[in-house]
1. Order 117-123, 103-109 from most to least packed using the mean count of other Cβ atoms within 10 Å.
2. Taking the number of other C-beta atoms within 10 Å as the exposure measure, put Phe110, Phe30 in order starting with the fewest.
3. Of Ala80, Leu54, Ala24, which is farthest on the positive side of the dipole of the stretch 20-127, counting Cα position, with +1 on Lys and Arg Cβ, -1 on Asp and Glu Cβ, and the Cα centre as origin?
4. Quick one: order Cys32, Cys63 by neighbouring beta-carbon count within 10 Å, fewest to most.
5. From Cα pairs below 8 angstrom and at least 6 apart in sequence, can you work out the relative contact order of the stretch 20-127, rounded to a whole percent?
6. Given axes a ≥ b ≥ c from the Cα gyration tensor, I'd like to know whether the stretch 20-127 is rounded (a/c under 1.5), prolate (a/b larger than b/c) or oblate.
Amino acid sequence: MSGRPEPTSALAQPLRAPSPGRVALYLGLFVCGAVVGVAGALVQSAWFPGGLLLALAAEAGLCVGAGRAVGRRGGAVAPAVGWGLAVILLTTSRPEGDFLFAAGSGSYIFLFGGIAVAVMCATLAPVRQPDGGADRLRK
């Protein structure tokens, strides 16, 4: 026994209330994700196929950049959730018959490709180790 306390699991730690700054950061990333989703929905059909690639690249850039900037998985999840909510709300048609997404292959690629990009970015986002150490756990 080295006299050092054994590291505990992150699940065994008591819950702490998030700081107001962190809540504001995640809310801002959520709004940025929604804006990128709305802009991508407009661009993907206007300049097909370049607009589709641009829209998906913008989403990936936002999610990866936010995850790296925050240093936690929540930084990538917040804009992905904002993107998903905005795009899902834009798929509904209005009573007048107006809609934003056509029934073409580009719209489906945008929807399903965007969901796949969001899942990949949220999964591959950096994860902070417990106790903030840069060394490997349980050496």
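1. Working: 117-123: 18.6, 103-109: 13.6.
Put in order of decreasing packing, that is 117-123, 103-109.
2. Numbers: Phe110 25, Phe30 19.
Fewest-to-most Cβ neighbours within 10 Å comes out as Phe30, Phe110.
3. Looking along the dipole axis, the top candidate is Ala24.
4. On the way: Cys32 18, Cys63 29.
Neighbour counts put them in this order, fewest first: Cys32, Cys63.
5. Over the stretch 20-127, the number comes to 35 percent.
6. Values: a/c = 2.55, a/b = 1.69, b/c = 1.51.
In terms of gyration-tensor shape, prolate.
Taken together, the values in this text are just the output of simple stated rules run on the coordinates, not laboratory data. Here the structure is a predicted model, which is why all the values come from computation and not from measurement. Reconstructed Cβ throughout: ideal geometry from the backbone, glycine too, with neighbour counts over all protein chains shown.
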